[in-house]
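The values are calculated or read from the model by the stated rules, or taken from the named source; none is laboratory data. Please read all numbers here as calculations on a predicted model, not as lab measurements. All Cβ positions, even for glycine, are placed from backbone atoms using ideal geometry, and neighbour counts span all protein chains on display.
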Amino acid sequence: MVTGSYSAKRNTFALVGLRIAVGCLFLIFAQYKVFGTQFTLGGGFQWWINRFLQDSGAYPFMVPVLQQIALPHATAIAFLVAYGELAIGLALVCGIWVRTASVFGFFYMLCLLFSSNYPGAHAPLWQYFGASLDHSVLALCFLTFVSSRSDEALSLRHSLRGKRYRHALKEFVAGSRAQVQR
């Protein structure tokens, strides 16, 4: 028989595994952007934005945003994307600021979804979901991290909190003993 405590721990570790896996994906996505110059300074970001526009991959309401905001400020946004992916990956792998990173990750996935996964004006409803799987699945993972406590296990935040708590408890006990001895 599976007890409630065992089941809860199993679910926690499943979420932790998912959190760390998504974090590793984002570290992989970020590493070539941060450590190389092709994406940020070599026109890689602009190439992707132009591809989204040429392939009619962008939702109609995103086209002016991509043309009038993303392309004119491409280098700055490319660095924001590169270091944003790095920050999200580090936060998820280390288990610190998981909810904050997940909120940003969720909105980032929505931006990518609306920039690159438009199936066309007359597509059936199911194609909107099918076309967006590469971004919507990660967006759902981020929503899960926001609404859960996936940072409860295997996280620096949890480890540091535990050490502070134990240190404070030791000081309290030592102080109580000193009071009793007086």
Checklist outcome for this item: Going through (1) touching a His at 6+ places or on another chain (Cβ under 9 Å); (2) touching a residue at least 24 places away in the same chain (Cβ under 8 Å) one by one, Leu112 fails only at (2)
Item to check | Failed item in (1) closer than 28 Å to Gln127 by Cβ; (2) surrounded by fewer than 18 Cβ atoms within 10 Å (Cβ to Cβ), with Ala58 passing the rest | outcome: (2)
Next on the checklist: Go through (1) surrounded by fewer than 16 Cβ atoms within 10 Å (Cβ to Cβ); (2) modelled with pLDDT of 90 or more for Gly120 and report which single condition fails.
Outcome noted: (2)
Checklist entry - Does any residue of the range 155-171 turn out to be surrounded by 10 or more Cβ atoms within 10 Å (Cβ to Cβ), at pLDDT 70 or above and not in a helix (DSSP H, G or I)? => result yes
Item to check | Selection count, the range 121-140, where residues are farther than 12 Å from Phe107 by Cα, in a helix (DSSP H, G or I) and hydrophobic (A, V, I, L, M, F, W, C) | outcome: 6
Checklist entry - In the range 52-97, how many residues are outside any loop (DSSP other than H, G, I, E, B) and either of a type in the set (A, V, I, L, M) or without any contact (Cβ under 8 Å) to a residue 60 or more places away in the chain (or both)? => result 29
Item to check | Scan of the range 12-27 for residues that are in contact (Cβ under 8 Å) with a residue 12 or more places away in the chain and surrounded by fewer than 15 Cβ atoms within 10 Å (Cβ to Cβ), ordered by number | outcome: Phe13, Cys24
Item to check | Leu143 in contact with a Phe, Trp or Tyr (Cβ under 7 Å, 6 or more places away or on another chain) and within 26 Å of Gly36 (Cβ to Cβ) | outcome: no
Next on the checklist: Quick check on the range 32-47: of everything there that is in a helix (DSSP H, G or I) and without any contact (Cβ under 8 Å) to a residue 24 or more places away in the chain, which residue is surrounded by the fewest Cβ atoms within 10 Å (Cβ to Cβ)?
Outcome noted: Phe35
